[in-house]
Amino acid sequence: MPGTGDYLIIGAIAAVVTLAVTPLVGRLARSRGWLYAPSERTVHTAPIPAIGGLAMFIGFIVAFAAARLLDRFDPLFARNSEPRGIIAAAVVILVVGLYDDIKGSMPPAKVTAIVIAGLILVQNGVTMYYFRVPFLDDILLSTDWVPLVTVLWLLGMTQAINLIDGLDGLAAGIVAIAAGSFFLYAQKLSDLGLLATPNFGPLVAIIAVGMCLGFLPHNFNPARIIMGDSGALLLGLMMAVSTSVVGGRADQSGAGFVGQTYFFLAPLVIPLLILGVPILDLVYAVIRRASRRQALDVADKGHLHHRLMNLGHGHRRSVLILWAWTLVLSGFVLYPVLSDDNPSYLPFGMAAIAIVLYTVLHPSVRRRRRDNGQVPS
């Protein structure tokens with residue numbers, strides 16, 4: 001099976017290709033007028049190319065093809081229908097995302113496309129086999145449940161990434177951190193012989209990392225291009241694929257060694273913790289809109305990044321704060337997995353407290369509160 005170095009080569013290819021083609025995609029968008037116009041819920045003040053997902057898809061396809069050409073990845077591709085399923089699902093996601101970015105589409109159309117992509121994954125075997133309830137027995141998924149679980153997992157991941165994509169570089173940075181963390185987790189499982197092979201989870205995860213790192217130089221504030229729905233949905237698909245085929249196929253029966261606390265929990269809990277920021281934002285958005293009796297597809301400015309900016313943090317600082325939370329959550333999850341020692345969670349608790357204090361006590365926040373009359377001058 002491929003080693004870590006082999007995967008890093010593929011990730012580097014995805015990064016370089018995405019970095020190189022993104023300006024070309026931006027020029028195409030400007031020449032065709034495929035621009036995202038400013039509105040009351042956006043932070044941009046001028047039209048901006050909105051099809052960055054196309055550049056990310058090109059990086060994905062080239063990296064995927066490079067892996068296919070390398071001998072070390074032959075065990076993954078030989079007599080395996082999963083590569084076709086992953087590519088076909090990505091194409092469906094890209095097409096509906098691009099259509100929405102260029103012409104706009106109704107939410108039911110996007111949901112339908114995501115369901116179709118999920119069924120394509122099921123048809124080609126890109127599914128989880130079972131999931132483990134913490135401290136209980138494994139639950140084997142019957143053929144009747146596999147399509148529903150796969151589609152729901154894909155819907156959850158795509159919507160979480162799509163909703164958090166509200167500031168320049170936010171979604172790309174969070175997915176880069178989360179996918180990189182999950183790649184390390186998957187590699188640890190593989191090294192311990194606890195991951196069913198062949199498994200595309202590590203490959204898809206490291207390609208997602210490369211795509212995001214290649215896109216970020218063009219997307220960080222002030223962004224010259226945004227990923228749009230095409231990019232956000234594509235990243236959601238890749239996270240859904242990597243987490244399901246790793247978390248839903250990991251054998252935890254042999255994970256009884258010191259310091260490996262999280263191996264006794266469901267592997268599918270790991271990505272939920274690593275992606276805690278976008279998932280929390282998704283849950284809060286559902287609750288917020290339900291309490292107001294609004295449809296779930298109604299856009300608003302109540303997301304985590306909007307709230308940080310309302311506190312007084314600038315665009316870049318809000319992004320960095322949410323990146324920091326993703327790093328802390330990823331470290332919290334990975335430390336007991338990667339360490340051979342009894343874990344100490346004190347550093348993560350201190351880091352979390354430091355982020356909270358920085359968030360609420362930053363001079364810009366105090367200045368905003370003073371200007372609003374919330375604190376005495």
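Of all residue pairs spaced 6 or more apart or on separate chains, those with beta-carbon atoms under 7 Å, a first member in the stretch 223-237 that is within 13 Å of Asp100 (Cβ to Cβ) and a second member that is surrounded by fewer than 24 Cβ atoms within 10 Å (Cβ to Cβ) and of a type in the set (Asp, Glu) are Asp229/Asp100.
If you go through the stretch 332-362 and keep only what is in contact (Cβ under 8 Å) with a residue 60 or more places away in the chain and small (Gly, Ala, Ser), you end up with just Ser339.
Looking only at residues of the stretch 179-199 that are under 14 Å from Gly11 (Cβ atoms) and of a type in the set (A, V, I, L, M, F, W, C), we find that the one that is modelled with the lowest pLDDT is Ala186. Selection of the stretch 55-76 for residues being free of Cβ contacts under 8 Å to residues at least 60 places away in the same chain and farther than 16 Å from Ala14 by Cα yields Asp71, Asp74.
A single entry from Leu70, Leu98, Leu163 fulfils the requirement of being touching a Pro at 6+ places or on another chain (Cβ under 9 Å) and more than 13 Å from Gly236 (Cβ to Cβ): Leu70.
For Gly201, the criteria (1) of a type outside the set (A, V, I, L, M); (2) closer than 24 Å to Leu327 by Cα; (3) surrounded by fewer than 17 Cβ atoms within 10 Å (Cβ to Cβ) hold in every case but one, which is (3). Among residues of the stretch 151-174 that are within 17 Å of Pro271 (Cβ to Cβ), those with a beta-carbon under 7 Å from a residue that is of a type in the set (D, E, K, R) and at pLDDT 90 or above at least six positions away or on a different chain give the pairs Asn162/Asp229. Scanning the stretch 144-168 for residues that are farther than 20 Å from Leu121 by Cα and outside any helix (DSSP H, G or I) gives Asp165, Gly166, Leu167, Asp168. The helices (runs of 4 or more DSSP H) found entirely in the stretch 1-84 that carry 1 or more residues being farther than 16 Å from Ile102 by Cβ and among the β-branched types (Val, Ile, Thr) are 4-32, 52-69.
Confirm whether Thr22 is closer than 30 Å to Gln123 by Cβ, crowded, with 19+ Cβ neighbours inside 10 Å, under 21 Å from the mean Cα position of the chain (by Cα) and of a type in the set (Ser, Thr, Tyr). The answer is no for Thr22.
Residue count for the stretch 71-118 under the criterion of being exposed (fewer than 14 other Cβ atoms within 10 Å of the Cβ) and in contact with a helix residue (DSSP H, G or I) (Cβ under 7 Å, 6 or more places away or on another chain): the result is 1.
The values are calculated or read from the model by the stated rules, or taken from the named source; none is laboratory data. Keep in mind that what you see is a predicted model, and the values were worked out from it rather than measured. Virtual Cβ from ideal backbone geometry, glycine too; neighbours counted across all protein chains shown.
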